[in-house]
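A.B. asks: Before I ask anything, let me first share the structure, which is written out below as structure tokens.
The values are calculated or read from the model by the stated rules, or taken from the named source; none is laboratory data. The structure displayed is predicted, hence computed values, not measured ones. Neighbour counts are summed over all protein chains in view; Cβ atoms, including those assigned to glycine, are modelled from backbone coordinates with ideal geometry.
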Amino acid sequence: MIVVYTNSKERAMLLATRLDGVVLSNNIKVRPQNYLEHHDQLERELTAEGYMTAFFCGQQYLFVYSNGTISVPFRMADYNAVYEDCKERPTPFIPDELDRKIVDPDFEKRLPLYRQIVQDAGGIVNAAEDNLRGELAFSQFCDLCEVDDVLHIWRVRPRSMTEACVFETFNSPEDGSISKDYQVACRLWERFSWLLSCNIYNSLGKYSLNNVNFPTGYLEALILSYLYHEKKSKVREKVQVELSDGSYCTVQQFDGNSTFPAQQVIQLLNSSNSNKAELVNHIDTVTRAQLYNIFTLQFDAEERFGFEPAKIVEMAYSLYNHSYITWPTESSSMPWDMKVEFTSASVAINANPTFTNKFKPRELDRFSDWDMFNNPYKHMGILITGKVLGPDMTPDERKIYDLICENNIAAVTEKRREIINTYKMSVGEHELLLMSRAIKTVHWTEEMNHSGDTADAAVNMVSATVKTKPSDFSKRSVLIDIYTAMKDGFWPDPLAFSTAMNNVIAWGQVTVTSEQRIDLARRSWQGLKYLLFTQACDFSCAVNWVKRLSFIAQATGDADSFVQDTSAYVRDICDEISNSADELKECGGICLKTCECPVCKNTGELAEDGSWHCSSCTFTIPASIFGHPLGKADIAYLLTHKRSRLMDGFVSAKGKEYSARIIISQGKLERSFVAPFPCPKCHGSLNEYAWGLKCQNAECGFTLNTTVCGHKLTDMETAQIFSGKQTKFMHLTNSKGKSFVAALALKDDFTVQFVFPAKNKEN
């Protein structure tokens, strides 16, 4: 007797019925042909018994299952109840081994039965999904069922759920030992993700200002960091140059620097008599369209149809279960031995009314750009099977199916040609690098026509203009960029990227417009500043970790060193966040490293004397201005808001003290005695004084004392009062020295009133 484990009930039933069939209690034999008809009865009997019996080549197979993941690591509060309070959690928290708890109660009830079955078995077949979740679930099954090391384990990975493919897979299973290294990598990834998420959350919870909420998963941090850095680079002005050969280039470097004022470059080019551009590099590459993997399928289907990623994955699995497509893997590989499968796919594609006779068999004979296998598990891209369209497909599934058909055709019949030319221009003592890029899509078998594609060795500049392109991000573009950076590493969860994007949106860290454009929300900046300059937001670090996991999965990496290095990495991040938090507190919650120069939009740094200097232009904020010292918090606030808070302690030439704000106006620092908000009564301007605010319109007569019962109103509180809202409840002191709690609000007669808590009113 052989035990077959699957990590879903549906998968167990599909595999069992595609062998020699499953006999029900009423002696009806369920095969693929009558699977849908008897599906419900089959599921009831499997649930009641806990296992299902099937026969194959004279051998008895017992199919057992779990409902996905069997166990998960403890939460910190599971280790100690006191850890429910974020402030009480130790940082960093790095246990030697992650304690676990079973999250599948039905499996827990069946566990004694499974242990007995495994004890009597002659071997185990791992038929779980061929991804991280499946391998983790199988390793948990073996641990909980106390599988003996001497018990032989096989691995089956049916490419599709067609009878022929399942039969072939079970007839020649792989040695299960080849999956052990991959399972080790899966467990290490789970541990690494848990340590990062847990400790980043703890660190931010301890040091966050103003109770900032921040999603703390690894991918969430990378998404936010990507949006922050890429937005800064994409919103800047670009210099576009038209050349005499008709092409358009973008200035990439100015005097060896990729960051430069666009207007300065334009002025230089327009004033120069020299307009010669010399070709220094010419790149002409041709690539074919890639087969879909589960990630790229999500990206395209979400953009085209608006489906949620989880739904797309669910529909892809459903199409696989109904034998319409191959297993939705994480690979886009297209090895040469897929030609046989492509031949079967072409029959089904041509039978699809949407693509009638669009896939000619001769295309496969002429196509030669197959991949060599470099994956030990022979993962391939998603392919249509030979099964012709049937009634067991929903309208939405049909859309996904047609999209995969379209992709399969393109993979064989289309090629993408990209031409990149780099030019050098010398203007006086300055040197510029320009780059043009052109992309063409042509038929794969079409002869290459290079006439007119090779750039001339030297051309002239016709004109130069400044183009401003605002940040234009979509969920798809961001996820594709991150996935592309990580695609050769260990990212086996099909929902990882999309789930992370949904998390940052749900938490309000990212906003989504009606046009499905995304951007960082204002509330994200505070928390994001804690991570921007830590290793957690470093793409090179992320790539390094996933690459190392890939090596471990292929038995060429060291698991012990990975554990030691990731533990040290987590400790470093916690230290970095702590140090950053201390600096942020000094700067009033604003990170000076992220502050932009109001003139050129570049960053700067503090000098030893406490002054701030831009790294690219001459703009400077001195450590003292108009006789008033400026601290780190003052400089950070001024750079962020283009004005300071109202500051006391200025002294006039006559020795009289006064209050004022420092503002940045046209690149210069000036004093302002005008409040940043209008009069709530006449909407005119308000003058600021040490005692409060007064309308400049004498007929209006509005005044406001900004010190109320010993409390100095902040700009935020003043703005809340003027907008018709009430402030938060605060602790105040009356003239007799008695403390009380109240909020402040503006009455109809434009005077300030106290608003007491409801319980005080009752008293």
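A.B. asks: Pick out the one residue from 507, 491 that is in the same structural domain as residue 219 (by TED's automatic domain parsing) and either under 24 Å from residue 563 (Cβ atoms) or modelled with pLDDT under 70 (or both). Write out each step before concluding.
C.D. replies: Values: 507 fails: either under 24 Å from residue 563 (Cβ atoms) or modelled with pLDDT under 70 (or both).
It is 491.
Quick grid of which residues meet (1) within 30 Å of residue 187 (Cβ to Cβ); (2) free of Cβ contacts under 8 Å to residues at least 40 places away in the same chain; (3) assigned to a helix (DSSP H, G or I):
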residue	(1), (2), (3)
543	yes, no, yes
549	yes, no, yes
560	yes, yes, yes
570	yes, no, yes
575	yes, yes, yes
580	no, no, yes
599	no, no, no
613	no, yes, no
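A.B. asks: Please find, within region 347-388, the residue that is modelled with the lowest pLDDT out of those that are closer than 14 Å to residue 326 by Cα and not hydrophobic (A, V, I, L, M, F, W, C).
C.D. replies: Among them, the one singled out is 378.
A.B. asks: Within region 34-73, count every residue that is in a strand (DSSP E or B) and under 16 Å from residue 121 (Cα atoms). It would help to see each step written out before you state the result.
C.D. replies: To start, the set of residues in region 34-73 that are in a strand (DSSP E or B) comprises 52-56, 59-65, 71-73.
Then drop every residue that is not under 16 Å from residue 121 (Cα atoms), which leaves 52-56, 59-65.
Qualifying residue count, region 34-73: 12.
A.B. asks: Still on this model: If you check residue 103 against the conditions, is it surrounded by fewer than 15 Cβ atoms within 10 Å (Cβ to Cβ), in contact (Cβ under 8 Å) with a residue 12 or more places away in the chain and more than 16 Å from residue 187 (Cα to Cα)?
C.D. replies: Values: surrounded by fewer than 15 Cβ atoms within 10 Å (Cβ to Cβ): yes; in contact (Cβ under 8 Å) with a residue 12 or more places away in the chain: yes; more than 16 Å from residue 187 (Cα to Cα): yes.
Yes.
A.B. asks: Same structure again: Against the definition (surrounded by fewer than 21 Cβ atoms within 10 Å (Cβ to Cβ) and either outside the structural domain of residue 319 (by TED's automatic domain parsing) or within 20 Å of residue 70 (Cβ to Cβ) (or both)), how does residue 165 come out, yes or no? Give the steps one after another, and end with the answer.
C.D. replies: Details: surrounded by fewer than 21 Cβ atoms within 10 Å (Cβ to Cβ): yes; either outside the structural domain of residue 319 (by TED's automatic domain parsing) or within 20 Å of residue 70 (Cβ to Cβ) (or both): yes.
Considered against the rule, which asks whether it is surrounded by fewer than 21 Cβ atoms within 10 Å (Cβ to Cβ) and either outside the structural domain of residue 319 (by TED's automatic domain parsing) or within 20 Å of residue 70 (Cβ to Cβ) (or both), residue 165 comes out as yes.
A.B. asks: Hey, residue 219 hits all of (1) at pLDDT 85 or above; (2) aliphatic (A, V, I, L, M); (3) under 22 Å from residue 474 (Cβ atoms) but one; which does it fall short on?
C.D. replies: (1)
A.B. asks: Taking the residues in region 23-53 that are of a type in the set (Gly, Ala, Ser) and without any contact (Cβ under 8 Å) to a residue 40 or more places away in the chain as candidates, determine which candidate is surrounded by the most Cβ atoms within 10 Å (Cβ to Cβ). Write out each step before concluding.
C.D. replies: To start, the set of residues in region 23-53 that are of a type in the set (Gly, Ala, Ser) comprises 25, 48, 50.
With without any contact (Cβ under 8 Å) to a residue 40 or more places away in the chain added as a condition, the list becomes 25, 48.
On the way: 25: 10, 48: 8.
Step by step, filter region 23-53, then rank; the result is 25.
A.B. asks: Then there's this: Output the residues belonging to region 267-322 that are of a type in the set (Phe, Trp, Tyr), touching a residue at least 24 places away in the same chain (Cβ under 8 Å) and surrounded by 18 or more Cβ atoms within 10 Å (Cβ to Cβ).
C.D. replies: Taking region 267-322 first, the residues of a type in the set (Phe, Trp, Tyr) are 292, 295, 299, 305, 307, 317, 320.
After this cut, where a residue has to be touching a residue at least 24 places away in the same chain (Cβ under 8 Å) as well, the list is 292, 295, 299, 305, 307, 320.
If the condition is that a residue be of a type in the set (Phe, Trp, Tyr), touching a residue at least 24 places away in the same chain (Cβ under 8 Å) and surrounded by 18 or more Cβ atoms within 10 Å (Cβ to Cβ), then 292, 295, 299, 307, 320 are the ones that fit.
A.B. asks: Output the residue which, of all residues in region 335-348 that are within 15 Å of residue 405 (Cα to Cα) and either in contact (Cβ under 8 Å) with a residue 60 or more places away in the chain or touching an Asp or Glu at 6+ places or on another chain (Cβ under 7 Å) (or both), is surrounded by the fewest Cβ atoms within 10 Å (Cβ to Cβ).
C.D. replies: Initially, region 335-348 is screened for residues within 15 Å of residue 405 (Cα to Cα), giving 341-348.
Then drop every residue that is not either in contact (Cβ under 8 Å) with a residue 60 or more places away in the chain or touching an Asp or Glu at 6+ places or on another chain (Cβ under 7 Å) (or both), which leaves 341-342, 345.
Details: 341: 18, 342: 21, 345: 25.
The selected residue is 341.
A.B. asks: Condition first: farther than 15 Å from residue 751 by Cβ, in contact (Cβ under 8 Å) with a residue 12 or more places away in the chain and small (Gly, Ala, Ser). Now tell me which residues in region 690-722 satisfy that.
C.D. replies: 690, 710, 719, listed by residue number.
A.B. asks: Kindly check whether there is at least one residue in region 387-409 that is crowded, with 18+ Cβ neighbours inside 10 Å and not in a helix (DSSP H, G or I).
C.D. replies: yes
A.B. asks: Right, next: Only one of (1) in the same structural domain as residue 143 (by TED's automatic domain parsing); (2) out of contact with any Gly (no Cβ under 8 Å at 6 or more places or on another chain); (3) part of a helix (DSSP H, G or I) is not met by residue 78, so which one is it?
C.D. replies: So the condition that residue 78 fails would be (1).
A.B. asks: Now a separate question. Tell me which residues, restricted to region 329-367, are part of a helix (DSSP H, G or I) and among the aliphatic types (A, V, I, L, M). Walk me through it before giving the result.
C.D. replies: Kept after step one, since they are part of a helix (DSSP H, G or I), are these residues of region 329-367: 336-351, 353-355, 361-366.
If the condition is that a residue be part of a helix (DSSP H, G or I) and among the aliphatic types (A, V, I, L, M), then 338, 340, 345, 347, 348, 349, 351, 364 are the ones that fit.
A.B. asks: Restricting the search to region 589-624, which residues are among the β-branched types (Val, Ile, Thr) and more than 35 Å from the chain's Cα centre (by Cα)? It would help to see each step written out before you state the result.
C.D. replies: So the first thing to find is which residues in region 589-624 are among the β-branched types (Val, Ile, Thr), and the list is 590, 594, 599, 603, 618, 620-621.
Passing the criteria: 618, 620, 621.
A.B. asks: If a residue has to be among the aromatic types (Phe, Trp, Tyr) and in contact with a strand residue (DSSP E or B) (Cβ under 9 Å, 6 or more places away or on another chain) to count, how many in region 262-307 make the cut? Let's see the steps before the verdict.
C.D. replies: Step one: filter region 262-307 for residues among the aromatic types (Phe, Trp, Tyr), giving 292, 295, 299, 305, 307.
Now drop any that are not in contact with a strand residue (DSSP E or B) (Cβ under 9 Å, 6 or more places away or on another chain), which leaves none.
Of the residues in region 262-307, 0 are among the aromatic types (Phe, Trp, Tyr) and in contact with a strand residue (DSSP E or B) (Cβ under 9 Å, 6 or more places away or on another chain).
A.B. asks: Tell me whether region 703-720 contains one or more residues that are more than 27 Å from residue 652 (Cα to Cα), part of a loop (DSSP other than H, G, I, E, B) and modelled with pLDDT of 90 or more.
C.D. replies: Yes: one or more hits.
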